[in-house]
Amino acid sequence: MSRVAVVTGGTRGIGAAISRALQAEGHKVAANYAGDEKTAAAFHRETGIAVFRWDVSNFEACAAGVRRVVEELGPIDILVNNAGITRDVMLHKMALEQWRAVIDTNLNSLFNMTRPVIEGMRARGFGRIINISSINGQKGQIGQTNYAASKAGDLGFTKALALENARKGITVNAVCPGYTETDMVRVVPKEVLETSVLSQIPVGRLGQPEEIARCVVFLASEQAGFLTGSTLTVNGGQYLT
């Protein structure tokens, strides 16, 4: 069944792979982006997927963005909270703005995006909410107290919201990718990647965005109705839970 899906951060990296995969399943996809107009325009030309610009860290912007999607595509039944940023620095050198920027984008955005859609999902008796967390939200990481805190918070949000909406036909799950071949990882120096990252991944390689996307497609499906409040750990065996 074709449904309307919103993917935040949906025009680049893992988000772009998720948008494409949901489109391939027959869903009408709205790919949100923050500011890279050139990349978003190219993504739209290549895929035909509708793109919408708003700041997920701003509640009013999210509410307005959701209204635009509903007006153009219809009621939202699938929400993928994927948008995320890093501002890596050791805590004793971290500025307040570096803390707030990451928490606002990676954690507060889950409230900002979910609040405008949850009542409609409850009224229709169906919803799929998938939150993209991270391996570093599970195990922590040096220089990422802000990022790890935000991604760990995503998991608590997922569990509580799943319990609140289980009887309304709404599932809420999380995916925790490990190190995946995206722009964020490509900037890591090759020698650091090989000695400090790949050496810790039992399968011996980085993940591919499409591998994360396939997990999201399953969680968004009709067949995943008995799976809620769960976390799919997709990290090549680097961290086992």
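Bear in mind that the values in this text are calculations on the coordinates, not laboratory data. All values reported here derive from a predicted model rather than from experimental measurement. Glycine gets a Cβ as well: all are built from the backbone with ideal geometry, and neighbour counts include every protein chain shown.
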Of Y179, N165, A220, which is farthest along the charge dipole of the range 164-225 in the positive direction, counting Lys and Arg as +1 and Asp and Glu as -1 at C-beta? N165
Compute the distance in nm between two label points, each set 7 Å from the Cα along the Cα-to-Cβ direction, one at R214 and one at M1. 2.6 nm
Between A224 and R186, what is 0.36 nm times their sequence separation minus the Cα-Cα distance? Round to one decimal in nm. 10.4 nm
Put in order of increasing Cβ neighbours within 10 Å, starting from the fewest, M1, M184 give M1, M184
I'd like the orientation of helix 13-24 relative to the chain: the angle between its Cα long axis and the longest Cα principal axis, in ° from 0 to 90, rounded to 10. 30 degrees
Helical contribution to [θ] at 222 nm, DSSP H n ≥ 4, -39,500 (n - 2.57), averaged over the chain, rounded to 500: -13000 deg cm²/dmol
Semi-axes of the equivalent ellipsoid of the chain: what are they in whole Å, largest first, if each equals the square root of 5 times a C-alpha gyration tensor eigenvalue? 27, 19, 19
Please provide three numbers in whole Å: the alpha-carbon extents of the range 140-207 along the principal axes, with the largest listed first. 49, 25, 21
With the crude spin-label approximation of a point 7 Å out along Cα→Cβ, what separation in nm comes out for Y239 versus E119? 3.6 nm
About the Cα centre of the chain, how large is the charge dipole given +1 on each Lys and Arg Cβ and -1 on each Asp and Glu Cβ? Please answer in debye to the nearest 20. 340 debye
If all Cα-Cα distances of the range 157-241 are sorted into 10 Å bins from 0 onward, what percent lands in each bin, rounded to whole numbers? 16, 39, 26, 15, 3
Search the structure for amide H atoms under 5 Å from the amide H of D55, placed 1.01 Å from N in the peptide plane, and list their residues when 5 or more places away or on another chain. none
The long-range amide H neighbours of I76, using H built 1.01 Å from N in the peptide plane and a cut-off of under 5 Å, are none
